[in-house]
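First the structure, in the form of structure tokens, and then the observations on it.
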Amino acid sequence: MLLVFFGWLNIMSASHVGDIENYFDMSQPYGKQSIFILFTIVLIILILALDAKFYERFASIIYALSILSLIGLFIFGKNVNGATAWYGIGGMTLQPSEFAKFATSLAVAKYMSDLQTNMKTFKDQAKTMALIILPAILILLQNDAGSTVVYAAFFFVFYREGLQQIYLVIAVFLIGLSVLALKFNVVIASSVAALVIFGYHFFGQRKRPQLIQPIAAVILCVAVSFGVKYFYNSILQPHQKDRISLWLRLEKDPVKLLEMKQTILYNLNESEKAISSGGLTGKGFLQGTRTTGKFVPEQHTDYIFSTVGEEWGFLGSALVVILFVGLLLRILYLAELQKSTFSRVYGYCVASILFIHFLINVGMVMGLIPTIGIPLPFFSYGGSGLWAYTILLFIFIKLDSNRINEW
């Protein structure tokens with residue numbers, strides 16, 4: 001409730017024009033957000049009114065309907081900012097990818113809680129991954145890379161449920177390899193990978209396996225390096241390539257680099273200036289000069305945290321961070337108390353998705369990570385996002401309320 005209310009205040013700051021006479025002015029984002037917030041009360045009542053077993057029993061059907069809604073976008077979808085990720089309903093839009101997150105969470109929790117599922121076997125790991133990859137691919141094909149990245153959150157759920165540590169090591173290794181391949185070249189990336197692999201083979205193991213294994217691993221690393229370069233050069237959209245290029249400082253020409261910063265990094269530069277100008281206590285509600293002057297594009301959506309920094313300062317920003325951390329810790333604490341595997345896994349799905357959104361959004365507006373257009377949960381403007389996060393969270397609250405009845 002605190003996050004939603006504080007978010008609404010900042011949406012008002014970022015979107016108001018002149019004096020505010022009507023808080024429910026439907027021509028303004030803050031007026032529409034007021035209606036979205038009121039409608040969440042109806043959603044919460046409906047979610048809590050249903051039996052807790054409903055969500056486990058119909059998880060597969062909910063997931064299937066979600067997949068169909070994503071497929072339908074290729075036929076009936078509305079293009080907004082280059083992404084065909086919305087359905088146009090009258091004067092409003094609905095984004096199915098937001099609702100796909102809770103549907104996928106239910107499906108993953110349902111499959112992982114099955115008595116016949118053993119997450120230590122590759123077969124069941126592959127099946128669970130397929131449940132996650134399918135909606136992620138459909139969303140990526142709609143040119144919505146930001147929402148696709150969120151599906152990496154399920155890795156934390158796998159790790160909690162017994163995924164071997166080697167997968168975590170491989171994931172970190174491949175990320176490092178990809179960065180090296182982009183920052184330098186395939187030869188350097190492959191050479192570093194070969195040194196690490198052969199070094200571990202000869203010095204890191206008491207009992208060394210056959211030499212064919214590290215050789216195969218090196219060949220795979222070379223293939224990954226070439227694949228990353230090809231994906232970057234031939235598949236990514238120009239704006240996506242530019243964001244990665246700026247983040248890794250890939251552009252060598254200082255003149256072109258300056259031009260890229262002035263165009264592509266305009267949002268980020270203005271966001272950083274707004275945050276830094278807030279100081280310790282901020283300029284005050286509705287008093288942010290960069291916010292009221294509309295210097296930061298999309299400030300009421302993806303860049304909403306810059307409004308907090310300018311008008312509420314370091315103290316207000318810290319409060320938002322503390323609220324999110326408190327929410328995440330509370331969800332994890334309750335997840336560990338669950339008696340059923342389904343409820344526990346779903347709880348970890350909720351925490352992981354909210355964490356990834358929070359991490360990427362706040363990191364993005366401060367320039368710590370590349371610009372990825374995803375909203376701040378319960379905070380940014382948007383009905384689809386607010387309703388989807390409400391459903392995601394309150395299904396878990398309903399499951400937790402039934403904890404004493406679980407055996």
Problem set entry | Full-stretch length increase - LEU38, ILE133 - with 0.36 nm per residue and alpha-carbon distance subtracted | 30.8 nm
For this session: Find how many whole Å separate the alpha carbon centroid of region 134-185 from the alpha carbon centroid of region 359-378.
Result: 17
Exercise. Considering only protein heavy atoms, what per residue accessible area in square angstrom results for region 272-407 with a 1.4 angstrom probe?
Worked result: 38
For this session: Using just the helices of the chain, give the 222 nm mean residue ellipticity in deg cm²/dmol: DSSP H runs with n ≥ 4 each add -39,500 (n - 2.57), and the total is spread over all residues, rounded to 500.
Result: -22500 deg cm²/dmol
For this session: Compute the distance in nm between two label points, each set 7 Å from the Cα along the Cα-to-Cβ direction, one at SER60 and one at VAL17.
Result: 5.2
Exercise. How many Å² of accessible area per residue for region 103-181, probe 1.4 Å?
Worked result: 49
For this session: Sort the following peptides by mean Cβ neighbour count (other Cβ atoms within 10 Å, averaged over residues), highest first: 45-52, 331-338, 89-96.
Result: 331-338, 89-96, 45-52
For this session: Please say if region 65-170 is rounded, prolate or oblate, where rounded means a/c under 1.5 for a ≥ b ≥ c the square roots of the C-alpha gyration tensor eigenvalues, and otherwise the choice is prolate for a/b larger than b/c and oblate otherwise?
Result: prolate
Exercise. Given a cut-off of under 8 Å on Cα pairs at least six residues apart, what relative contact order in percent is computed for region 262-317?
Worked result: 47
Seminar exercise, completed: On the accessible surface of the chain, probed at 1.4 Å with all protein chains in place, carbon and sulfur together account for a percent value of 68
Exercise. By average Cβ neighbour count within 10 Å, what is the ranking of 214-226, 294-306 from highest down?
Worked result: 294-306, 214-226
Problem set entry | Full-extension gain in nm, PHE226 to TRP247, via 0.36 nm per residue minus C-alpha separation | 5.5 nm
Problem set entry | Local net charge near SER352, Cβ-Cβ under 12 Å (Lys/Arg +1, Asp/Glu -1) | +1
Exercise. For region 107-124, in order, what is each residue's ³J(HN,Hα) by Karplus, 6.51 cos²θ - 1.76 cosθ + 1.60 with θ = phi - 60°, in whole Hz (x at glycine and Pro)?
Worked result: 5, 5, 5, 5, 6, 6, 8, 5, 4, 8, 8, 10, 6, 8, 9, 5, 4, 6
Seminar exercise, completed: Plugging the Cβ-Cβ distance of TYR159 and ASN405 into 1/(1 + (r/R0)^6) at R0 = 35 Å yields, to the nearest 0.05, a FRET efficiency of 0.75
For this session: Kindly state, to the nearest 0.05, the FRET efficiency for LEU68 paired with ILE322, given R0 = 41 Å and r defined as their beta-carbon distance.
Result: 0.55
Exercise. Once percent of Cα pairs over 32 Å apart is worked out from the coordinates, which option in (i) 43; (ii) 61; (iii) 32 does it equal?
Worked result: (i)
Problem set entry | the chain, relative contact order in percent, only Cα pairs under 8 angstrom and at least six apart counted | 24
Seminar exercise, completed: Whole-Hz Karplus couplings 3J(HN,Hα) for region 168-175, θ = phi - 60° and coefficients 6.51, -1.76, 1.60, Gly and Pro as x, run 5, 4, 5, 4, 4, 4, 5, 5
Problem set entry | region 209-227 versus region 48-68: alpha-carbon centroid distance in Å | 43
Exercise. So between ILE45 and THR289, what do we pick up on full extension, going 0.36 nm a residue minus the alpha carbon distance?
Worked result: 83.8 nm
Problem set entry | Neighbourhood net charge (13 Å Cβ-Cβ; Lys/Arg +1, Asp/Glu -1) for ILE397 | +2
Exercise. For region 143-157, in order, what is each residue's ³J(HN,Hα) by Karplus, 6.51 cos²θ - 1.76 cosθ + 1.60 with θ = phi - 60°, in whole Hz (x at glycine and Pro)?
Worked result: 6, 10, 5, x, 5, 5, 4, 4, 5, 5, 4, 5, 4, 5, 5
For this session: Determine the dipole magnitude for the chain: charges of +1 sit on the beta-carbon of Lys and Arg, -1 on that of Asp and Glu, nothing else is charged, the reference point is the Cα centre, and the result goes in debye to the nearest 20.
Result: 1340
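The values are calculated or read from the model by the stated rules, or taken from the named source; none is laboratory data. Just so it is clear, the model here is predicted, and its values are computed rather than measured. Every residue, glycine among them, receives a Cβ derived from its backbone with ideal geometry; neighbour counts consider all protein chains shown. The protein model used for the area step is the full one, side chains on, heavy atoms only, and it has no ligands, DNA or RNA in it. Shrake-Rupley method; radii C 1.70, N 1.55, O 1.52, S 1.80 Å.
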